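A quick write-up on the structure given underneath.
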Amino acid sequence: MTPREEPGALAPAATEPVRVLPYGDQALLIEPADPAQILPLRDALVGLPGCSEFVPAAGTLLVRIEAATFVRATLDAALTAALARAGQGAPYSDPDAPCVVLPVRYDGADLDLIADDAGCSPDEVVRRHSTATYQVAFCGFSPGFAYLSGGDRSLDQPRLATPRRSVPAGSVGIAAGYTGVYPRESPGGWRLLGTTAATLWDPFRDDPALLPPGTRVRFEIEPS
Amino acid sequence: MIQIVEAGPWASIQDGGRPGYAHLGVGRSGAFDQPALRLANRLVGNPPDAAAIEITLGGLELLVRDAVTVALTGAPCAGLDWGTPTTVPAGTRIRLATPSSGLRSYLALRGGVDCASTLGSRSTDVLGGLGPAPLRAGDLLPVGAPPDCGVSESAAVPVKLPTTQLPATIRILPGPRDDWFAPGALTQLLQTDWLVRADSDRIGIRLDGPPLERVRGGELPSEATLPGALQVPPDGRPILLGPDSPVTGGYPVIAVALAGGLGIAAQLRPGDRLGFR
């Protein structure tokens, strides 16, 4: 299965700052009009009684609820307060969020194609990609696979119509507005820029995922 | 210690699962039929979430190297009395036949299967590459120390053989993306006798029937999913997500099964009929 993204393809009603949708009897799906609010809303809900798991994604936040202790009015109040704070100014950035630097060998199979589409040289692609600061918007597709936002949009690419059957572990790819790094060898539908030797996922490490949601990320050119 | 002589069509170690890691891309896994797992564990005095063997369509054969008390729940298989704690002497072979109804059986061992844990669970997750590999002939499974709680007196725990009423029915709640579908789609979902396809597995129960019509084109940005969600790919035939389903997905979810639905879904065989209400 390949990760799929089309940010902006679906926007909720313009006048609603946030929608709260039912997800069966054990969860709610929270959809802010501005996806940049997803992690701030998560932070506002952590610790609320009856809320046990928070799963951010491209445009939504899933919250698992325990019926016995959950109070909907408390959740609504927390969302309203968080959105009011957000309206007052600074974009989300958590100064305590770790910044992970990933060394990358920029020799991916699609580097020339990305350069052609961006109208620049491969060296310029590398410069644009490696000078941006990214943030992990969410994880999905497979354990430890992080979707990074904040990259230079001139490098953006659609996903492959037919995924490659195998891309190497550590492959750094671009698709649909995100940069992603494949934690292990797997099928891959993203355009490949290069490879990192960093260990993205180790279930026996204290922090099994190197790039959990909210982590800031930079890429560093590794001399080839 | 027990030794797998024959795994049957598909068998794996499953426990209560590994919740709490979905934000890192890790699914819940765990027994597909959680109530059956909990019953089997209760019968042998284990904590309810202890690791047991999830058996698909029977066929499991094992050699008991050290005496152990076991219990079988879920789909009944000839070879062990259903729902009854049974002390098995060392050297005994247990051979489970194919169940005539239901799909998944649970064999609990007093003390639990004592293999290595990953992220707090012993469950096999083939999609995520976590936990032990599916069982194969020759595998040796260590059994944990007996728990403090005693074995259930079967007379004190009235346990009925499960009856499979077909067509099975699972209760659902509409949403979150029912607005992606034509006005009649929910009604069609509720009125159709869906056919369980042979390519169903722990990732999802795939259903055949008249395609559910979408009114919204394009793709849904990936959002979190849960086991029990009814996800509808472009061909319009819903998939009821199972315990090993990917934690995010881009197909719209038209409805989600209520909490009890997964245990019913776990027992569906290819060719069975399934309705929703």
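Any read-out appearing in this document is the output of simple, stated calculations on the displayed coordinates, not a laboratory observation. Note that this is a predicted model, so its numbers are computed, not measured. Every residue, glycine as well, gets a Cβ built from its backbone with ideal geometry; the counts of neighbours run over all protein chains shown.
Brief remarks follow.
- Helix B:34-43 and the longest principal axis of the Cα set of chain B meet at an angle near 20°.
- Overall Cα dimensions of the protein assembly as shown - principal axes, largest extent first, Å: 73, 54, 41
- Excluding the site residues themselves, the longest part of chain A lacking any GluC sites (Glu not before Pro) in a DSSP loop with at most 12 other Cβ atoms within 10 Å is A:67-184.
- Rh by Kirkwood over Cα pairs, then Stokes-Einstein D for segment A:18-87 at 1.002 mPa s and 20 °C, µm²/s: 181 µm²/s
- Normalised by the number of residues in segment A:99-221, the average gap of Cα pairs under 8 Å and 6 or more apart makes the relative contact order 37 percent.
- Scaling against 2.2 N^0.38 Å puts the C-alpha radius of gyration of chain A at 1.07.
- Net charge dipole size for segment A:54-167 [Lys, Arg +1 and Asp, Glu -1 on Cβ; Debye, nearest 20]: 400 debye
- Where Rh is the Kirkwood radius over Cα pairs, Rg/Rh for segment B:2-141: 0.95
- Using the Cβ-Cβ distance between B:ASP235 and B:ARG277 with R0 set to 25 Å, the FRET efficiency works out to roughly 0.60.
- Mean shadow area of segment B:81-157, taken as a quarter of the surface of its Cα convex hull (nm²): 7.4 nm²
- Once the chain from B:GLU6 to B:GLU213 is taken as fully extended at 0.36 nm per residue, the excess over their C-alpha distance is 70.1 nm.
- Relative contact order (%) - criterion: Cα under 8 Å, at least six apart; region: chain B: 21 percent
- Placing pseudo-labels 7 Å out from each Cα toward the beta carbon at A:SER166 and A:ALA68 gives an inter-label distance of 4.9 nm.
- For chain B, the direction-averaged projected area of the alpha-carbon convex hull comes to 14.0 nm².
- Residue-averaged [θ]222 nm for chain A, counting only DSSP H segments that reach four residues, each worth -39500 (n - 2.57): -5500 deg cm²/dmol
- Computed about its Cα centre, the charge dipole of segment A:18-87 is approximately 100 debye, with only Lys, Arg, Asp and Glu carrying charge at their Cβ.
- Extension gain from B:LEU190 to B:THR87, taking 0.36 nm per residue of separation minus the Cα-Cα distance: 32.5 nm
- Charged-residue dipole, Cβ positions (Lys, Arg, Asp, Glu), chain B about Cα centre, Debye nearest 20: 260 debye
- Cα-only Debye scattering, segment B:189-277: base-10 log of I(q)/I(0) at q = 0.19, 0.23 Å⁻¹: -0.83, -1.23
- Of the chymotrypsin sites (Phe, Trp or Tyr not before Pro) found in segment A:148-224, those that fall in a DSSP loop while having at most 14 other beta-carbon atoms within 10 Å are A:PHE204.
- Working note: Cα gyration tensor of segment A:99-221, eigenvalues times five, square-rooted, sorted largest first, giving semi-axes of 22, 16, 12 Å.
- The slack in the chain from A:THR199 to A:THR131, taken as 0.36 nm per residue of separation less the alpha-carbon distance, amounts to 22.3 nm.
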